[in-house]
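First the structure, in the form of structure tokens, and then the observations on it.
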Amino acid sequence: MLERLRTVLIGTSHSGNIGGVARAMHNMGLSDLALVAPRSEVIHQDSISRASGADHLLHGARVSQTLDEAVADCTLVVGASARSRTLPWPMLSPRELGRRLPDECRQEGARIALVFGREDSGLTNDELHRCHAHVHIPTNADFSSLNLAAAVQVVAYECRLAWLEQQASSGGSDADEAEASLGADEQRASHADLERYFAHLEQTLTTIGFHDPQKPRQLMARLRRLYLRARPRRIELNILRGILSATDKTAADRADRPPRP
Ligand code: SAH
């Protein structure tokens, strides 16, 4: 289960924090670290010293320029946020996230991204709208923001507790961890599948005049929230994309038709 969790750090500005995150992850048995557009060096004396022996995670970390690239294959994307935002989104506590993991991880090809933001400004709305759910560590409302590595520590700890409980209930065997091989109807869509769908949806809604990118009025964010909440299967997304293609074709045919006299 723990090997299916990817810790994603966006725009980290202190090498020491990247090292602190590597240590927190290794303490809890997590190993997949991805960095998106880091604003500091990944391999640096500060990161190596804060990693305190977990620097193999730093050497193994994948670096990409966008969140989409870092989580393309993920079937669940959860963003950690210290603040509540203007558009409410499904919220989980770290414990609730842990409770969901055994089921999420049993699926064939499951990969779960835990996304953490910048030390100075957290995650942008655009990044948060790419997540299925947000996880908030219930801190003092007057002083809600944890250090990045401390936030990773708390979330990773709850993931580990959930894994330990699962181990205990299966008598330490891996039986419960065996992947369920899923039929075509059950396969979860990946982040990349969903993003392709959202891009197509926005384009079609613009073509038919339902959406004006100059006056977006949170339309795409609300639609994202709806689809992400529904957790569409891959086969369902294919149907939805088929509907968009048929709509595009009808709109193009109408545009080609000569105007009525
Ligand atoms: N000043 C930023 C917080 C940055 S802390 C802000 O106001 O948004 C760096 C990152 O640690 C955050 O982006 C978030 O991913 C995580 N984090 C910090 N405190 C958290 C909390 N209480 N709950 C969940 N994540 C938290």
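The values are calculated or read from the model by the stated rules, or taken from the named source; none is laboratory data. These numbers come from a predicted model, not from an experiment. Note: ideal-geometry Cβ built from the backbone for every residue, glycine included; neighbour counts use all protein chains shown. Just so you know, the surface numbers come from the protein's heavy atoms only, side chains and all, with ligands and any DNA or RNA stripped out. Shrake-Rupley method; radii C 1.70, N 1.55, O 1.52, S 1.80 Å.
Would you pick out the residues in segment 136-152 that are near the ligand (Cβ under 6 Å from one of its atoms) and either β-branched (Val, Ile, Thr) or part of a loop (DSSP other than H, G, I, E, B) (or both)?
Once the filter is applied, which keeps residues that are near the ligand (Cβ under 6 Å from one of its atoms) and either β-branched (Val, Ile, Thr) or part of a loop (DSSP other than H, G, I, E, B) (or both), segment 136-152 yields HIS136, ILE137, THR139, SER144, SER145, LEU146.
Could you tell me whether any residue of segment 46-57 is outside the structural domain of PRO232 (by TED's automatic domain parsing), within 16 Å of the ligand (Cβ to nearest atom) and touching a strand residue (DSSP E or B) at 6+ places or on another chain (Cβ under 9 Å)?
Within segment 46-57 (the criterion being outside the structural domain of PRO232 (by TED's automatic domain parsing), within 16 Å of the ligand (Cβ to nearest atom) and touching a strand residue (DSSP E or B) at 6+ places or on another chain (Cβ under 9 Å)), the answer is no, since none of the residues qualifies.
Considering (1) open to solvent by 30 Å² or more (accessible area, probe 1.4 Å); (2) touching a helix residue (DSSP H, G or I) at 6+ places or on another chain (Cβ under 9 Å); (3) not basic (Lys, Arg), say which one LEU237 fails and leave the rest.
Here LEU237 meets the rest and fails (1).
For segment 49-87, give me each residue that is β-branched (Val, Ile, Thr) and open to solvent by 60 Å² or more (accessible area, probe 1.4 Å).
Within segment 49-87, VAL63, THR66, THR86 qualify.
Report yes if ALA34 is open to solvent by less than 20 Å² (accessible area, probe 1.4 Å), in contact with a His (Cβ under 9 Å, 6 or more places away or on another chain) and in contact (Cβ under 8 Å) with a residue 12 or more places away in the chain, otherwise no.
Judged against the criteria, ALA34 is not a match.
Quickly run through segment 211-234 and pick out the residues that are touching a helix residue (DSSP H, G or I) at 6+ places or on another chain (Cβ under 8 Å) and loosely packed, with under 12 Cβ neighbours inside 10 Å.
Answer for segment 211-234, where residues must be touching a helix residue (DSSP H, G or I) at 6+ places or on another chain (Cβ under 8 Å) and loosely packed, with under 12 Cβ neighbours inside 10 Å: ASP212, PRO213.
Among the residues of segment 115-135 satisfying the criterion of being under 17 Å from HIS191 (Cβ atoms) and assigned to a strand (DSSP E or B), which is nearest to the ligand (Cβ to nearest atom)?
PHE116
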